[in-house]
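Enquirer: Please see the structure below; I have some questions.
The values are calculated or read from the model by the stated rules, or taken from the named source; none is laboratory data. This structure is a prediction, so every number in the text was calculated from the model and none was measured. For neighbour counting, all protein chains shown are included, and Cβ atoms are generated from backbone atoms with ideal geometry for every residue, glycine included.
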């Protein structure tokens, strides 16, 4: 089959919107945890609650807005408008500070608990607009704008952006003392304004894909479309891939909310940014290569090495504490994680029914965010329940994440294997029918 060529403007829009969106998600997924840990002395249970609440909002938003964008046949409006408001909600976090809370509510002792509550509430508000723009409509736009001849390459770029975003955020945060409220104020202002500016830019560079709306007129029927037994029966590979994807992401969410805290607090790696930057760059290149590899060899050949790298990374991080092994383990873990995201992402897009991409974004988020976001951090919090604690300078205490989160993540990853066996069998049957 001849490869379909994509326009330069598509690649520009893909790179810019994917990167900036992932920068915002990195700040939320990795640094909001650090924010409430350092500013409000949040516990592992608080962090788990925040991640779970955000996961629920992300899922509901993607289901309802994804179906709505299918019904209207519009992606661009939701992408650009969503990014603009998304940035504004990020800016709002600049004003969630103990000194401001104390002055408004005339309290001091409970300012920290109020701060945690406000962060969780505003995280849900921010997630609504972020999921509208990115999870529901940008991802549907990417599916609509590609086909089976070029999807792996596009997905490789999309999948490597979380690592590039981590590199951008790590590098950008190096100049800030994250123990100071003023640093967080500046960070949220920079990130929020950047996201809004990209939304405005999208008005000029995002091309509205052609969507057949003829079968998408019934909005509420479209919302539950992906959950119908008949649809599941007709798309077995899609649903099996989604189920395996959910287990894969549970593994990731066991350790990810606590990763930076593990580097900084448990290992005492104050210069973890300098150590992690080379690993992130190499892992991003591996992910880009993996997207192109998928276009050539497809799911069966590409998925196992990705999962193997992830498992080996977990083992190395669990066993070792010194700088060089931690770097190697992090490189393997990140490469396996993002390569796996690229492979599962392309497989899911390949099996998504045409003209119904928006409807299935909600189902994808159920498996990528909701289920993993509730189960993964809860497992991580349970593993860290009796973790060592330290006494802070103000007399409060904070928990210290330990390496047990990696062995728990490895056990969860192993559970993907039975699902892959079933997927491989269906793929072989499909190949025989085609022959």
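Enquirer: Scanning for something closer than 30 Å to residue 299 by Cβ and not in a helix (DSSP H, G or I), does the stretch 150-157 turn up at least one residue? Don't jump to the end; show me each part of the working.
Expert: Taking the stretch 150-157 first, the residues closer than 30 Å to residue 299 by Cβ are 150-157.
Filter once more, keeping what is not in a helix (DSSP H, G or I): 150.
Yes, the stretch 150-157 has at least one match.
Enquirer: I've got another one for you. Looking at (1) farther than 23 Å from residue 348 by Cα; (2) surrounded by fewer than 24 Cβ atoms within 10 Å (Cβ to Cβ); (3) under 16 Å from the mean Cα position of the chain (by Cα), which is the one condition that is false for residue 157?
Expert: Only one criterion is unmet by residue 157, namely (1).
Enquirer: Quick check: anything in the stretch 264-272 modelled with pLDDT under 85, in contact with a helix residue (DSSP H, G or I) (Cβ under 8 Å, 6 or more places away or on another chain) and assigned to a helix (DSSP H, G or I)?
Expert: Restricting attention to the stretch 264-272, the residues satisfying the condition of being modelled with pLDDT under 85 are 270-272.
Filter again for in contact with a helix residue (DSSP H, G or I) (Cβ under 8 Å, 6 or more places away or on another chain), leaving 270, 272.
Still in the list and also assigned to a helix (DSSP H, G or I): 272.
Scanning the stretch 264-272, I find at least one residue that is modelled with pLDDT under 85, in contact with a helix residue (DSSP H, G or I) (Cβ under 8 Å, 6 or more places away or on another chain) and assigned to a helix (DSSP H, G or I), so the answer is yes.
Enquirer: If you don't mind, another one. Determine if the stretch 92-104 includes at least one residue that is within 21 Å of the chain's Cα centre (by Cα), in contact (Cβ under 8 Å) with a residue 12 or more places away in the chain, within 16 Å of residue 202 (Cα to Cα) and crowded, with 19+ Cβ neighbours inside 10 Å. Talk me through it step by step, then tell me what you get.
Expert: The first filter runs over the stretch 92-104 and keeps only residues within 21 Å of the chain's Cα centre (by Cα), leaving 93.
Add one more test, that the residue is in contact (Cβ under 8 Å) with a residue 12 or more places away in the chain, and what stays is 93.
Subsequent filtering for residues that are within 16 Å of residue 202 (Cα to Cα) retains none.
No.
Here's the yes/no breakdown for (1) assigned to a loop (DSSP other than H, G, I, E, B); (2) modelled with pLDDT of 90 or more; (3) surrounded by 24 or more Cβ atoms within 10 Å (Cβ to Cβ):
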position	(1), (2), (3)
361	no, no, yes
373	no, no, yes
379	no, yes, no
386	yes, no, no
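Enquirer: Restricting to the stretch 201-220, and then to whatever is loosely packed, with under 13 Cβ neighbours inside 10 Å and part of a helix (DSSP H, G or I), can you tell me which residue is modelled with the lowest pLDDT?
Expert: Result: 220.
Enquirer: Okay, moving on. Between 282, 303, which is modelled with pLDDT of 80 or more, surrounded by fewer than 18 Cβ atoms within 10 Å (Cβ to Cβ), closer than 25 Å to residue 14 by Cβ and within 21 Å of the chain's Cα centre (by Cα)? Quick ask: steps written out before the conclusion?
Expert: Values: 303 fails: surrounded by fewer than 18 Cβ atoms within 10 Å (Cβ to Cβ).
Answer to the check: 282.
Enquirer: May I pose another question? Out of the residues in the stretch 172-185 that are loosely packed, with under 14 Cβ neighbours inside 10 Å and touching a residue at least 12 places away in the same chain (Cβ under 8 Å), state the one that is farthest from the chain's Cα centre (by Cα).
Expert: It comes out as 179.
Conditions (1) at pLDDT below 90; (2) on the phi > 0 side of the Ramachandran plot; (3) buried (at least 18 other Cβ atoms within 10 Å of the Cβ), marked per residue:
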position: 4; (1), (2), (3): yes, no, no
position: 10; (1), (2), (3): no, no, yes
position: 14; (1), (2), (3): no, no, yes
position: 28; (1), (2), (3): yes, no, yes
position: 45; (1), (2), (3): yes, no, no
position: 54; (1), (2), (3): no, no, yes
position: 57; (1), (2), (3): no, no, yes
position: 67; (1), (2), (3): yes, no, yes
position: 83; (1), (2), (3): no, no, yes
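Enquirer: Sticking with this structure for a sec: Among the residues that make up the stretch 241-251, is at least one of them in a helix (DSSP H, G or I), surrounded by fewer than 20 Cβ atoms within 10 Å (Cβ to Cβ) and in contact with a helix residue (DSSP H, G or I) (Cβ under 9 Å, 6 or more places away or on another chain)? It would help to see each step written out before you state the result.
Expert: Of the stretch 241-251, the ones in a helix (DSSP H, G or I) are 241-251.
Now drop any that are not surrounded by fewer than 20 Cβ atoms within 10 Å (Cβ to Cβ), which leaves 243.
From the residues that got through so far, the ones that are in contact with a helix residue (DSSP H, G or I) (Cβ under 9 Å, 6 or more places away or on another chain) too are 243.
The answer is yes, given that some residue of the stretch 241-251 is in a helix (DSSP H, G or I), surrounded by fewer than 20 Cβ atoms within 10 Å (Cβ to Cβ) and in contact with a helix residue (DSSP H, G or I) (Cβ under 9 Å, 6 or more places away or on another chain).
Enquirer: Select from the stretch 173-192 the residues that are modelled with pLDDT under 85 and in contact with a helix residue (DSSP H, G or I) (Cβ under 8 Å, 6 or more places away or on another chain) and write down the one among them that is nearest to residue 274 (Cα to Cα).
Expert: 174
Enquirer: I need a count of the residues in the stretch 316-325 that are in a helix (DSSP H, G or I), surrounded by fewer than 23 Cβ atoms within 10 Å (Cβ to Cβ) and in contact with a helix residue (DSSP H, G or I) (Cβ under 7 Å, 6 or more places away or on another chain).
Expert: Quick first cut of the stretch 316-325, residues in a helix (DSSP H, G or I) only: 316-319, 323-325.
Of the ones still in play, those that are also surrounded by fewer than 23 Cβ atoms within 10 Å (Cβ to Cβ) are 316, 318-319, 323-325.
Next cut, in contact with a helix residue (DSSP H, G or I) (Cβ under 7 Å, 6 or more places away or on another chain) only: 316, 318, 323, 325.
Residues that pass the stated criteria total 4.
Enquirer: So, one more: Would you check if residue 80 is in contact with a helix residue (DSSP H, G or I) (Cβ under 9 Å, 6 or more places away or on another chain) and farther than 25 Å from residue 252 by Cα?
Expert: yes
Enquirer: Find the residue count for the stretch 105-123, including only residues that are touching a helix residue (DSSP H, G or I) at 6+ places or on another chain (Cβ under 8 Å) and surrounded by fewer than 16 Cβ atoms within 10 Å (Cβ to Cβ).
Expert: We begin by selecting, within the stretch 105-123, every residue touching a helix residue (DSSP H, G or I) at 6+ places or on another chain (Cβ under 8 Å); these are 105, 107-108, 111-116, 118-120, 122-123.
Okay, now just the ones that are also surrounded by fewer than 16 Cβ atoms within 10 Å (Cβ to Cβ), so 105, 107-108, 113.
Qualifying residue count for the region: 4.
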